[in-house]
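The values are calculated or read from the model by the stated rules, or taken from the named source; none is laboratory data. If you're wondering where the values come from, they're calculated on a predicted model, not measured in any experiment. Heads up, the Cβs are rebuilt from the backbone with ideal geometry, glycines too, and the neighbour counts pull from every protein chain shown. Protein only, heavy atoms only, side chains kept; ligands, DNA and RNA dropped before computing areas. Shrake-Rupley method; radii C 1.70, N 1.55, O 1.52, S 1.80 Å.
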Amino acid sequence: MSYSITETQIPGRKIAFEGAEYLWLGGTNYLGIGSHPTFQNALAEGIQQYSQNFGSSRRNNLQFSIWEDFEQALAAHFKVEAAALCSSGLAAAQIAVQFAQQKGLTLNLAPQSHPALWRHPHLPYPGTYSDWILSHQKGQILASDGIGSPWITTFDFSFAASMHPDNFLIVDESHRAGIQDIQIKCSGHLLQTISLSKAFGIPAGVILGSSADISAIKTDSFWVGSSPPNPAFCHAGLQSMEAYSDLSEKSKVLANRFATKIQGLQPAITYEACYPAFCSKAPGLFEHLKSAGILVNHFSYPDITAPPVCRAILPACLTEADIDHITAAILSYA
């Protein structure tokens, strides 16, 4: 069953649907940062200070220091040399791929890569992930998700340590950033792109990389011609770095409890230890969870003609009792 809810506010721990109240495990608001007082107060300050979105370019004569300040904070948070803010995660991925393509390299997309990394006429590799790794050669851009979404799959990036130094590895970290370690040892050029609208609750994207690559990206016409993100939200993000870290730790506790409750059993779900999400192809699981007062996502994505994807996150606003209730419901599915 696909369903539709029209809301007037961002849901928190629970949501109303069809006259009943449910635990809400939908969306990608992993940390629930929008309800954190630090973020709310900082966003109000940002709106007061900057008033509105500022349609411009990062090469405009008028600049706001908040953009560079936030970039430096994100680079420090993710333990990389530099960062380049973009208007969205999709823009960040497309800018990174186009930048690397200008080096005369061929794009080699990992299986089931998010469309943010696609460049026509290139499509994801049709074989397995391990075969994709073996297929790479000198003169290529390797592009992959950091973790599979909507189907949850972890990827082994150990191959990157022996990449050709002229090759690029571009990783879309939108579903790991802020909730898992995203550090990758890479002997080539590593660019990691992130949609900050997920764990960070900000309508923006960012590219992480070496100082040399990020400096070069900031002279590229595609980045120069793109709009910078809303400065008010950047202010909120900058002031909330400690809150992000605190909520990330809470998310890890909940994910670990979930994994412990499921460990060694045969649940009708796919999940990864220490990752706050699960998915399933089991028929009837969506309705079973709904009958237990749990509402998860169930819609076709990214191919709108495909069968609906049953997917849930474990947002940081949940309690340990909620986790116990969720795991009990999953294990009671026959």
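Among bridges DSSP assigns within the stretch 79-183, what percent are antiparallel (round to 5)?
Antiparallel bridges: around 15 percent, rounded to the nearest 5.
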Over what distance in Å are the Cα centres of the stretch 109-155 and the stretch 245-271 separated? 26
Can you give the local net charge around residue 23? Use residues other than it whose beta-carbon is closer than 11 angstrom to its beta-carbon, Lys and Arg +1, Asp and Glu -1. +1
Shape of the stretch 52-94, Cα gyration tensor, a/c cut at 1.5: oblate
Cα gyration tensor shape of the stretch 129-239, rounded if a/c is under 1.5, else prolate or oblate by comparing a/b with b/c: oblate
Can you list the residues of the stretch 217-254 with backbone N under 17 Å from a point 7 Å past the Cα of residue 53, pointing along Cα to Cβ? 225-237
Residue-wise HN-Hα coupling along the stretch 183-200, computed from phi with Karplus coefficients 6.51, -1.76, 1.60 (Hz; x: Gly, Pro): 5, 10, 7, 9, 8, x, 8, 9, 10, 10, 10, 9, 8, 6, 6, 8, 4, 8
May I ask you to compute the full-extension gain from residue 242 to residue 328, defined as 0.36 nm times their residue separation minus their alpha-carbon distance, rounded to one decimal in nm? 27.7 nm
Mean 1/r over distinct Cα pairs of the stretch 257-334, inverted to a Kirkwood Rh in Å, yields 13.0
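Over the stretch 156-280, what is the relative contact order in percent, taking alpha-carbon pairs closer than 8 angstrom and at least six residues apart?
The value is 18 percent.
Add +1 for every Lys or Arg and -1 for every Asp or Glu among the other residues with Cβ under 13 Å from the Cβ of residue 309, and state the total. Working shown, then result.
Working: positive: 281, 311; negative: 303.
After counting each charged neighbour, the total is +1.
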Amide H neighbours of residue 145 under 5 Å, counting only residues 5+ apart in sequence or on other chains, H built in-plane at 1.01 Å? 114, 172
For the chain, list the DSSP H helices whose alpha carbon atoms reach 20 Å or more along the long axis and whose average Kyte-Doolittle value is -1.0 or above? 241-262
Count the lysine pairs in the chain whose Cα atoms sit under 19 Å apart, keeping only pairs 8 or more residues apart in sequence or on different chains. 12
Is the C-alpha gyration tensor of the chain telling us rounded, prolate or oblate? Criteria: a/c under 1.5 is rounded; beyond that, a/b larger than b/c is prolate, otherwise oblate. oblate
In the chain, carbon and sulfur make up what percent of the accessible area (probe 1.4 Å)? 52
Count neighbours as other Cβ atoms within 10 Å of each site's Cβ, and list the trypsin sites (Lys or Arg not before Pro) in the stretch 165-239 that are DSSP loop with at most 13 such neighbours. 185
Could you work out the longest stretch of the chain that avoids the GluC sites (Glu not before Pro) located in DSSP loops with at most 12 other Cβ atoms within 10 Å? 19-334
Which ³J(HN,Hα) values, rounded to whole Hz and listed in residue order, are derived for the stretch 298-309 from phi using the Karplus coefficients 6.51, -1.76 and 1.60 in 6.51 cos²θ - 1.76 cosθ + 1.60 with θ = phi - 60°, glycine and proline given as x? 7, 8, 7, 6, x, 7, 6, 9, 7, x, x, 9
Of all DSSP beta bridges in the chain, what percent run antiparallel (nearest 5)? 60
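If r is the Cβ-Cβ distance from residue 112 to residue 273 and R0 is 25 Å, what FRET efficiency results, to the nearest 0.05?
Step by step, r from the Cβ atoms, then E = 0.75.
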Mind listing the long-range amide H neighbours of residue 316? Cut-off is under 5 Å, sequence gap 5 or more, other chains count too, H placed in the peptide plane at 1.01 Å from N. 31, 32
The relative contact order of the stretch 1-152, taking Cα pairs under 8 Å that sit 6 or more residues apart, comes to a percentage of 14
Heavy-atom accessible area per residue - the chain, 1.4 Å, Å²: 45
Averaging sequence separations of C-alpha pairs under 8 Å and six or more residues apart, then dividing by the length of the chain, give the relative contact order as a whole percent. 26
For the stretch 1-100, listing trypsin sites (Lys or Arg not before Pro) in a DSSP loop whose Cβ sees at most 10 other Cβ atoms within 10 Å gives 79
What is the Å³ per residue value for the convex hull set by the Cα atoms of the stretch 11-91? 167
